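These notes concern the structure reproduced below.
The values are calculated or read from the model by the stated rules, or taken from the named source; none is laboratory data. Nothing here was measured: the structure is a model prediction, and the numbers come from that model. No Cβ is skipped: glycine too gets one built from the backbone with ideal geometry, and neighbour counts run over all protein chains shown. Note: areas computed on protein heavy atoms with side chains; ligands, DNA, RNA excluded. Shrake-Rupley method; radii C 1.70, N 1.55, O 1.52, S 1.80 Å.
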Amino acid sequence: MFSTDSGFFSTLWDGVIQQLAHGLTEASWWQIVLVTLVFTHITIASVTIFLHRHQAHRSLDLHPIASHFFRFWLWLTTGQVTKEWAAIHRKHHAKCEQAEDPHSPHVYGIKKVLFEGAELYRAESKNKETMARYGHGTPDDWIERNLYTRYSWQGVGLMMIIDIALFGAAGLAVWAVQMAWIPITAAGIINGAAHYWGYRNFEATDASTNISPWGILIGGEELHNNHHTYPTSAKLSVKPYEFDIGWMYISIMQMVGLATVKKTPPKMAYGDVKPVADEKTLEAIIANRYEVMAGYARRMRDVFQHEAATPKVDASVLKTASRWLHRDADKVPAAAVSQLSQARAAYPVLDKMVVMREELRQIWLNTSHSREQLAADLQAWCRRAEESGIAALREFSIQLRSARA
């Protein structure tokens, strides 16, 4: 009897040890790594599609099945409350890089946002004014009130149990990676690096940058300058060489009826060249002003390369001018101002293009002017550009006169 009981308990103990060691799946190390990557990718897709594009910006509608899957998955893998995330992100756009921005690296410093971004989120989530002002329109049904919000962190506890059951002791590592994924990628890299390092397609009013033209690892959120330029767009890529994997998923979901896209980036339309720019031309240019200025920047860079082929200043001055000459004056660091002045003095053509760029920008910044006055300002600008003797300016002006709303 004793030996039988001993054998039973020994078998049971061996089973427990086996379970703890390998889990129900008995997966190999590479299989565990693969599943971890899949799990974290679903999480970042849920953040960018559901929390960001759908909830915070309303750039698309989601079928209830898709919407609730994302809510459930985020509850399991992040413990994030939808209202809190959406409210904080909306406030970030409303107060971007001002003192009230919840997580600006220009306010808190890049190191704090990179390494303590999640803490900044948690602190702002306790701000009742933020929740009341910016948290409107987020889910408020029974399951949200009684489970997802009320027991927000019980979900990640359930996820830990699931991971251990599937992978044994290695499940703890899987769970740890899942828990760190969003604080590192979204709260840290997106909110920190994407307002500090990278390239810019557009002169958005803030310091947002595109970290990479290929938005895969962080679901397309790498294209952050594009997003801040067109925040209500469901698509974050704008250039032919850019890839937004989140948009790819949305497109597939739309094909099978799980999503409806409401807005994508505007695209300037062109037609016949008008004798003079009129109010319709003005309307088209203002609606597509970021694209207009990006086009102007391309022409400035072409002119710069031609002019700089004959060196008139130090190489360091040319390098600085190449980087900052086409940027808004308030975005140019103080250390570069002197060198830009040297470059402009040495190259009158570049100086003229900088002056004309600012005059063009003032057309849509002069909000006190009437529509008729702004159209007259645009006509005068085109006339000066075409009489400047600078081919790039003349060609750009002619192109503007062909713009259509």
Handout entry: Zero-based 10 Å bins, Cα pair distances in the chain, whole percents
Key = 4, 18, 24, 22, 15, 9, 4, 2, 1, 1, 0
Problem - Cut-off 16 Å, label 7 Å out along Cα→Cβ of A335, residues of segment 189-223 by amide N - result: 196-198
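Express in nm, to one decimal, how much length is gained between W30 and A376 on full extension, taking 0.36 nm for each residue of separation and deducting their alpha carbon distance.
This chain segment gains 117.9 nm when fully extended.
Take the cross-link list K112/K312; K280/K352; K239/K312 and give me the ones stretching past 32 Å between alpha-carbons.
Violating the 32 Å Cα-Cα cut-off are K112/K312; K239/K312.
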Practice task
Please quote Rg/Rh for segment 322-378 to two decimal places, taking the Kirkwood radius as Rh and restricting both calculations to Cα atoms.
Solution key: 1.08
Exercise for the section: Tell me what the chain gives for mean residue ellipticity at 222 nm when only DSSP H runs of n ≥ 4 count, each as -39,500 (n - 2.57), the sum divided by the residue total, rounded to 500 deg cm²/dmol. Expected result: -18000 deg cm²/dmol
Fill in the blank from the handout: Taking Cα atoms, the helix 154-167 axis meets the longest principal axis of the chain at an angle in degrees (rounded to 10) of 70 degrees
Practice task
Show the residues, 5+ positions off or on another chain, whose built amide H is closer than 5 Å to the amide H of F243.
Solution key: W214, G215
Completion exercise
Listed by chain and number, the lysines with an alpha carbon less than 17 angstrom from that of K83, same-chain partners under 8 positions apart left out, are K91, K126, K128
Exercise for the section: Kindly list the residues of segment 325-365 that lie in the label zone of Q305, defined by a backbone N under 17 Å from the point 7 Å along the Cα-to-C-beta vector. Expected result: 325-326, 350
Handout entry: Surface share of carbon and sulfur [accessible, 1.4 angstrom probe, percent] for segment 347-405
Key = 47 percent
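Given a 1.4 Å probe and every protein chain left where it sits, what share in percent of the accessible area of segment 80-158 is carbon and sulfur?
Ligands and nucleic acids excluded, carbon and sulfur reach 53 percent.
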Exercise for the section: Using a 1.4 angstrom probe, figure out how much accessible area segment 352-405 has per residue, in square angstrom, rounded to the nearest whole. Expected result: 49 Å²
Handout entry: 5 angstrom amide H check on A259, placed H, neighbours 5+ away
Key = H63, Q254
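What FRET efficiency would be calculated for the residue pair S368, T260, taking the C-beta separation as r and a Förster radius of 56 Å, to the nearest 0.05?
Given R0 = 56 Å and the Cβ-Cβ separation, E is 0.90.
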